[in-house]
């Protein structure tokens, strides 16, 4: 993904910062579209019964102790046991070109999704863009809470999280940045199941860290 050289109007964090025109659609930063559209896709899926379909389809690819899923070439997460692997590459997978893809795990109707892409800016800017694009695309899809909290993984990667609330569903959207890469974690599901799996979800988010460091542990 190409980026303009930073100056007074293109450097994220500057009080004069404006998204470069080549990256804007209707005034929004199109570089964050993939992040925001995944938020919408998963959230709308929850509203229209995708978890019920997932539960009806047998999947014998479950996470076991020691599994690690690639998020980027250098970062991975450690899922707890018993999650269905719908998409993703384990650090132990024998693949010729282990370029990470999105990680999509499900358990008990809860969906855990992680993706990464190039992003110049901090975690707050990434989450702002995710919200703006998602609202512009479908403002009725979900209602982010006004309160945000800081998230820091065990490896020291810092991000920003917000709660997403629907009629019978609850979710979290977490934006993190590391060395020019934006990482989005979205977790969503029926409110009761989200509460049950909250400790597991917390450990999984906290586990985001360097692949080598994870393997050494």
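Within the range 185-194, the set of residues being in contact (Cβ under 8 Å) with a residue 12 or more places away in the chain and in a helix (DSSP H, G or I) comprises 191, 193, 194. Only one entry of 182, 166, 171 meets the criterion of being in the same structural domain as residue 70 (by the TED database), in contact (Cβ under 8 Å) with a residue 24 or more places away in the chain, buried (at least 17 other Cβ atoms within 10 Å of the Cβ) and within 16 Å of residue 111 (Cα to Cα), and that entry is 171. Total residues in the range 91-103 satisfying the condition of being within 19 Å of residue 185 (Cβ to Cβ) and either surrounded by fewer than 19 Cβ atoms within 10 Å (Cβ to Cβ) or not assigned by the TED database to the domain that holds residue 184 (or both): the figure is 3. In the set (1) under 17 Å from the mean Cα position of the chain (by Cα); (2) closer than 18 Å to residue 105 by Cβ; (3) modelled with pLDDT of 95 or more, residue 194 fails one condition alone, (3). One residue alone among 177, 158 is surrounded by fewer than 16 Cβ atoms within 10 Å (Cβ to Cβ), touching a residue at least 12 places away in the same chain (Cβ under 8 Å) and under 15 Å from the mean Cα position of the chain (by Cα), and that residue is 158.
The values are calculated or read from the model by the stated rules, or taken from the named source; none is laboratory data. All of these numbers come straight from a predicted model, not from anything done at the bench. Here Cβ is always computed from backbone atoms with ideal geometry, including for glycine, and neighbour counts include all displayed protein chains.
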